[in-house]
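Novice: Shown below is the structure under consideration.
The values are calculated or read from the model by the stated rules, or taken from the named source; none is laboratory data. As the structure is a prediction and not an experimental result, all values here were calculated from the model. Glycine gets a Cβ as well: all are built from the backbone with ideal geometry, and neighbour counts include every protein chain shown.
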Amino acid sequence: MNATVALFLTIACTSLSQIFQKQAAMSLENNSGSNLPAGVAFLINPNLVISVILLGSGFVSWLWVLSEWDVSFAYPFLSLNLVVVMCGSKFVFSENIKRHHWLGAFSIIAGVALISGGGAS
C-alpha cells in the first residue's frame, strides 16, 4: 500500500469513527429499556465497538503514512477530517450546516491543496 492510499484510509477511518461515536452517544438517551447498567451498555454498544475498530485501523494506516512521509507534510491532511465529518453529519444526522461552516471547509481544502503542492519529501 502506498502512502497516499494509507492517508485516505486514515482519513476515512477516523472520520467514520466520529460518526459512529455520535451514534453511540445518541443511543445513551435510548438505553432506558436495557437491564444492563448504563456504563456497561455503552461499552458494548455496537456503534462504539465499530468506532474503536475504525480508530485502531486509522492509527495503523497513519503509522504507514508516517513511515513514508515527513510529519510536517502529512499532518495537515488530517484537517480534512473536519470536512468529512461535517459532510457526514449533514447527510447522516441531517444537521444544519451554516454558510460559514462551508466557507471554512473550502478554506481547509484550499490550505491542504497549498501544502500538498510541493509533494511529499
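Novice: Of these, Leu63, Leu36, which one is out of contact with any Gly (no Cβ under 7 Å at 6 or more places or on another chain) and at pLDDT below 95?
Specialist: None of the other options fit; the residue is Leu36.
Novice: Anything in the range 77-117 that is in contact (Cβ under 8 Å) with a residue 40 or more places away in the chain and surrounded by fewer than 16 Cβ atoms within 10 Å (Cβ to Cβ)? List them, or say none.
Specialist: Scanning the range 77-117 gives Val92, Phe93, Ile115, Ser116.
Novice: Quick one: is Ile53 modelled with pLDDT of 95 or more, closer than 19 Å to Cys87 by Cα and either surrounded by 13 or more Cβ atoms within 10 Å (Cβ to Cβ) or in contact with a His (Cβ under 6 Å, 6 or more places away or on another chain) (or both)?
Specialist: no
Novice: Going by the structure shown, is Leu114 at pLDDT below 95, part of a helix (DSSP H, G or I) and over 25 Å from Leu55 (Cα atoms)?
Specialist: Judged against the criteria, Leu114 is a match.
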